[in-house]
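This report concerns only the one structure given below.
Read the figures in this text as sums done on the coordinates, not as results from a lab. Given the structure is predicted, the values throughout are model-derived calculations rather than measurements. Neighbour counts run over all protein chains shown; Cβ positions are idealised from the backbone, glycine included.
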Amino acid sequence: MPKLQVNMHEAKSQLSRLGERVWHGETVVIARAGKPWLDLTAHKSSPSNRSPGMLKGQIEIGDDFDETPADIISAFDGDV
């Protein structure tokens, strides 16, 4: 989608319309004295805080986890 550049006065008077355009994926640049000054972007919620141990007791790691099969090693070495 192409960028839309508007001056500060237009941005103030049409903020709601510009916000809708941004929300639908358009890029809006607000200019000051004809030069890009601000980018208008949609708010993205921040990820929730992680809580260590949430899956404790639900994940099992096999006894052979650290052992790489020979055919896999050969494939990485280019021997296949």
- Task: Assuming a ≥ b ≥ c are the square roots of the Cα gyration tensor eigenvalues, decide whether region 33-80 counts as rounded (a/c under 1.5), prolate (otherwise, with a/b larger than b/c) or oblate.
- Result: oblate
- Specify the residue with the greatest mean-square fluctuation among A42, A70, A33, computed from a Gaussian network of the chain linking alpha-carbon atoms under 10 Å apart. A70
- Task: Within the chain, report the GluC sites (Glu not before Pro) that DSSP leaves as loop and that have at most 13 other Cβ atoms within 10 Å.
- Result: E60, E67
- Note on the structure: Looks like the chain, by Cα gyration tensor root eigenvalues a ≥ b ≥ c and the a/c under 1.5 rounded cutoff (else prolate when a/b is bigger than b/c, oblate otherwise), is prolate
